[in-house]
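*Asks:* Got a structure for you, written out below as structure tokens; questions coming shortly.
Readers should treat all values here as calculations from the given coordinates under stated rules, not as data from a laboratory. Predicted, not measured: the structure shown is a model, and the values here were computed from it. Every residue, glycine among them, receives a Cβ derived from its backbone with ideal geometry; neighbour counts consider all protein chains shown.
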Amino acid sequence: MTDFGLVMFPADYAIAPSELAVAAEHNGFESLFFPEHTHIPASRLSPWPGGADLPKEYWHTHDPFVGLAAAAAVTTNLKVGTGIALVTERDPILMAKQVATLDHISNGRLILGVGAGWNAEEMENHGTPFASRWKVLRERILAMKAIWTDEAAEFHGDYVDFDPLWSYPKPKQAGGPPILLGAASKYMHKRIAEYCDGWFPIYQDEARAAAAGATDYSESMRLTREAWDSAGRSGSPNSTIFGVGHDPAAVERCLAHGFDRIVFALPPAGADEVLPMIERYAALKKQFD
């Protein structure tokens, strides 16, 4: 059965994370996701993948882990997730602590969507060269997994290097929360199979899906499963798609592709705009329950 969630940039001028979370749970949504950008350089060359002008919520958004902690504190069953966390911009020992703490205090409700990022100037402000971003992401995730799992964790790589350390709490979910990779490249299948637990693509509408080079969701999931099996992983990789609008045909397409979770997009706006949208999404969701 497919789960349904919501995603919104938790901007400082938008509905509060706690109020949003209460409404999401009340309307029967399984999960709530918050994106991340620590900042946006005032002068940048990196083009925004979504179009010409970068929306202001990108530099007005709350820290996702703080926002999700507020969301978890006022809900009981709602899963809270990053959609996505920029691992390339976070110290892995500190991030491991933040993730474990949130998973612990939410009683195992965290989903960790991760990505390498698109804004070269932003990540370079954090000391990560754009060309090295995927190697950095890999080592940091593997290092965090060690911290979440081992009593005396250590890791020795090219970008992350530490001798045995103690770090508690451990996550409520054994081995850490499920990690979903936000990516759409020919390398993503093996990356998911090696150090993640599923795929987390952005929804493409019909016009974009018809364009050359658009992601073939069914084929991508087939290749991910193939890589998963080749790596000797048990179970199945999760597939979550986010950014879906209020469109029954879009939901039907996502269901036909076999996605495990469909995440509807909300604008970073006030309660008077967002709450009615949540109710409309809830009505749409019921058509497919």
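*Asks:* Taking only DSSP H segments of four or more residues, each worth -39500 (n - 2.57), what value at 222 nm results for the chain once the sum is divided by all its residues, to the nearest 500 deg cm²/dmol?
*Replies:* Value at 222 nm, helices only, nearest 500: -11500 deg cm²/dmol.
*Asks:* Kindly write out, for the range 227-232 in residue order, the coupling ³J(HN,Hα) from the Karplus curve 6.51 cos²θ - 1.76 cosθ + 1.60 (θ = phi - 60°), rounded to whole Hz, with x marking Gly and Pro.
*Replies:* The phi angles translate into 5, 4, 5, 5, 7, x Hz.
*Asks:* Continuing with this model, one more query. Would you mind telling me which residue in Asp229, Asp272, Asp53 has the biggest mean-square fluctuation in a Gaussian network model of the chain, where springs connect alpha carbons within a distance under 10 angstrom?
*Replies:* Evaluated over the chain, the most mobile residue of the options is Asp53.
*Asks:* Given H placed 1.01 Å from N in the peptide plane, which residues other than close sequence neighbours of Ala85 have an amide H under 5 Å from its amide H?
*Replies:* Amide H to amide H, under 5 Å and 5 or more residues apart or across chains, Ala85 pairs with Gly113, Val114, Gly115.
*Asks:* Quickly work out the Ala73-to-Phe162 label distance, labels modelled 7 Å from Cα along the C-beta direction, and quote it in nm with one decimal.
*Replies:* 2.6
*Asks:* Here is a follow-up. So how far, in whole Å, is the C-alpha centre of the range 1-75 from the one of the range 118-140?
*Replies:* What the calculation gives is 22 Å, centre to centre.
*Asks:* Rounded, prolate or oblate: which fits the range 1-147 when a ≥ b ≥ c are the square roots of the eigenvalues of the alpha-carbon gyration tensor, with rounded for a/c under 1.5 and prolate only if a/b beats b/c?
*Replies:* It comes out oblate by the Cα gyration axes.
*Asks:* Take the cross-link list Lys79/Lys285; Lys79/Lys135; Lys56/Lys286 and give me the ones stretching past 27 Å between alpha-carbons.
*Replies:* Where the Cα-Cα span goes over 27 Å, the pairs concerned are Lys79/Lys135; Lys56/Lys286.
*Asks:* Between Gly51, Gly117, Gly245, where does the largest GNM mean-square fluctuation fall for the chain, given springs only between Cα atoms within less than 10 Å?
*Replies:* Greatest mean-square fluctuation among the candidates belongs to Gly51.
*Asks:* Still on this structure, I have one more. In the neighborhood of Ala152, defined by Cβ-to-Cβ distances under 14 Å, what is the net charge if each Lys or Arg adds +1 and each Asp or Glu adds -1?
*Replies:* Neighbour charge sum, excluding Ala152 itself: -3.
*Asks:* How much net charge surrounds Lys135 when only the other residues with a Cβ under 14 Å from the Cβ of Lys135 are counted, with Lys and Arg +1 and Asp and Glu -1?
*Replies:* +1
*Asks:* Separate question: Starting from the amide H of Phe33, placed 1.01 Å from N in the peptide plane, find each other amide H under 5 Å away whose residue is 5 or more places distant or on another chain.
*Replies:* Under 5 Å from the amide H of Phe33 lie the amide H atoms of Leu6, Val7, Met8, Gly81, each far enough along the sequence or on another chain.
*Asks:* Next question. Work through the residues other than Ala70 whose Cβ is under 11 Å from its Cβ and net out their charges, Lys, Arg +1 and Asp, Glu -1.
*Replies:* Charge balance in the 11 Å sphere: -2.
*Asks:* Answer rounded, prolate or oblate for the range 3-286, using the Cα gyration tensor with square roots of eigenvalues a ≥ b ≥ c: rounded when a/c is under 1.5, else prolate when a/b is larger than b/c, else oblate.
*Replies:* Rounded is the answer for the range 3-286, as its axis ratio a/c remains below 1.5.
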